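Remarks on the structure that follows.
We did not get these values from a lab; they are worked out from the coordinates using the rules stated. Bear in mind that the values here come from a model prediction, so they are computed numbers and not experimental data. Neighbour counts run over all protein chains shown; Cβ positions are idealised from the backbone, glycine included.
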Amino acid sequence: MKIASFVALILVGVLVAAAFYVAMMPQTLSREDYIASGQPDIARGEQVFWMGGCASCHAAPGSQGSDRLVLSGGLAIESDFGTFHAPNISPDPDHGIGQWSELDFANALLEGVGRHGENLYPSLPYTSYTNMSDEDVHALFAFLKTLPASAQPSLPNDLSFPFNLRPALSFWKILFFSEGPRVALEAPGDPVLRGQYIVEGAGHCGECHTPRNALGGLDESRWLAGGPNPDGPGTIPDITPGSKTIGSWSESEIADYLETGFTPDFDVAGGAMAEVQQNLSHLPRADLEAIAAYLKAIPAH
């Protein structure tokens with residue numbers, strides 16, 4: 001009887017361990033889940049590229065002009081958990097993503113899972129990218145394949161224990177990773193919805209402009225209310241309608257700032273925002289106006 005009880009206990013332990021293992025496995029998309037197909041729109045992919053700020057992290061630091069399209073990686077992203085290094089995502093087959101399938105790429109952006117099934121760190125803002133459409137991912141992947149290849153090896157992250165344990169990110173994802181709207185909007189029209197898609201998705205504005213908790217999750221109750229710079233020293237401003245920065249700006253003035261870099265007082269975008277503005281300036285004016293309409297429609301803080 002004691003032996004039978006012991007065996008039963010072992011079996012229960014094995015089942016519990018197996019269930020825990022399955023629960024902690026990174027969730028990926030299947031070919032049925034990812035529905036993008038057909039000839040990709042390269043021009044659309046380029047717009048998504050600038051919308052997502054890909055060059056800001058994945059081009060070599062200090063790159064200018066056409067060199068910003070060489071996505072050799074290398075940017076050091078400082079955080080409370082250690083230093084992340086943006087990887088090479090050029091089409092190089094050995095050091096970039098040249099051997100990745102489109103489904104591999106979609107899983108990275110939409111699920112935060114790498115090519116070999118590993119959890120990716122949210123220094124890649126997949127917590128926002130998860131709201132991108134399959135069609136935009138399809139177009140972006142096609143555009144990236146047109147860019148120059150770089151044989152520059154990616155730098156390893158410099159993280160201390162336990163933050164260097166990728167399986168632990170499965171717990172983090174349960175707590176802080178979900179798709180869907182970040183704020184409830186009252187009767188939004190088409191421009192506001194387009195702005196929401198850009199800001200909450202590829203534009204990933206909330207990754208800097210929304211404060212974070214001790215575990216690095218976004219405090220969505222204070223969406224876009226500003227806070228400490230998640231990548232280093234300084235603060236990121238509140239950009240809600242109640243802010244002291246852009247709260248008094250009109251929608252047109254916000255769109256002008258994103259297009260030109262000049263504020264209504266003829267100041268200029270500075271710090272990390274200068275590069276963000278340069279990226280967004282590649283978007284059509286209608287998209288910039290949509291961003292402005294969304295920023296005027298969200299709750300003030």
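Screening Asp104, Asp136, Asp92 for residues that are in a loop (DSSP other than H, G, I, E, B), surrounded by 14 or more Cβ atoms within 10 Å (Cβ to Cβ) and charged (D, E, K, R) leaves exactly one candidate, Asp92. A search for C-beta distances below 6 Å between a residue of the stretch 97-123 that is under 18 Å from Pro153 (Cβ atoms) and any residue that is β-branched (Val, Ile, Thr) and surrounded by 19 or more Cβ atoms within 10 Å (Cβ to Cβ), counting only pairs 6+ apart in sequence or on different chains, returns Ile97/Ile89.
For the stretch 222-251, a tally of residues being in contact (Cβ under 8 Å) with a residue 60 or more places away in the chain and of a type in the set (Asp, Glu) returns 2. Considering only the stretch 188-207, I want to know if a residue exists there that is closer than 30 Å to Asp92 by Cα, in contact with a strand residue (DSSP E or B) (Cβ under 8 Å, 6 or more places away or on another chain) and either in contact (Cβ under 8 Å) with a residue 12 or more places away in the chain or not in a loop (DSSP other than H, G, I, E, B) (or both). Yes: one or more hits. Candidates are the residues of the stretch 201-235 that are surrounded by fewer than 17 Cβ atoms within 10 Å (Cβ to Cβ) and among the hydrophobic types (A, V, I, L, M, F, W, C); the one that is farthest from the chain's Cα centre (by Cα) is Ala214.
Between Leu144, Leu124, Leu185, the distinction of being touching a helix residue (DSSP H, G or I) at 6+ places or on another chain (Cβ under 9 Å) and more than 18 Å from Leu109 (Cα to Cα) belongs to Leu185 only. Looking at the stretch 76-89 only, could you name the residues that are in contact with a strand residue (DSSP E or B) (Cβ under 7 Å, 6 or more places away or on another chain) and in a loop (DSSP other than H, G, I, E, B)? Hits for the stretch 76-89 are Phe81, Ala86. Restricting attention to the stretch 279-297, the residues that are hydroxyl-bearing (Ser, Thr, Tyr) and part of a helix (DSSP H, G or I) add up to 1.
Looking across the stretch 184-200 at every residue that is among the aliphatic types (A, V, I, L, M) and surrounded by fewer than 17 Cβ atoms within 10 Å (Cβ to Cβ), the one that is nearest to Tyr294 (Cα to Cα) is identified as Leu193.
Among the residues that make up the stretch 288-299, is at least one of them surrounded by fewer than 18 Cβ atoms within 10 Å (Cβ to Cβ) and in contact with a Ser or Thr (Cβ under 8 Å, 6 or more places away or on another chain)? Yes, there is a match, as at least one residue in the stretch 288-299 is surrounded by fewer than 18 Cβ atoms within 10 Å (Cβ to Cβ) and in contact with a Ser or Thr (Cβ under 8 Å, 6 or more places away or on another chain). Residues that are under 23 Å from Met51 (Cβ atoms) and among the hydroxyl-bearing types (Ser, Thr, Tyr) within the stretch 76-100 comprise just one, Ser90.
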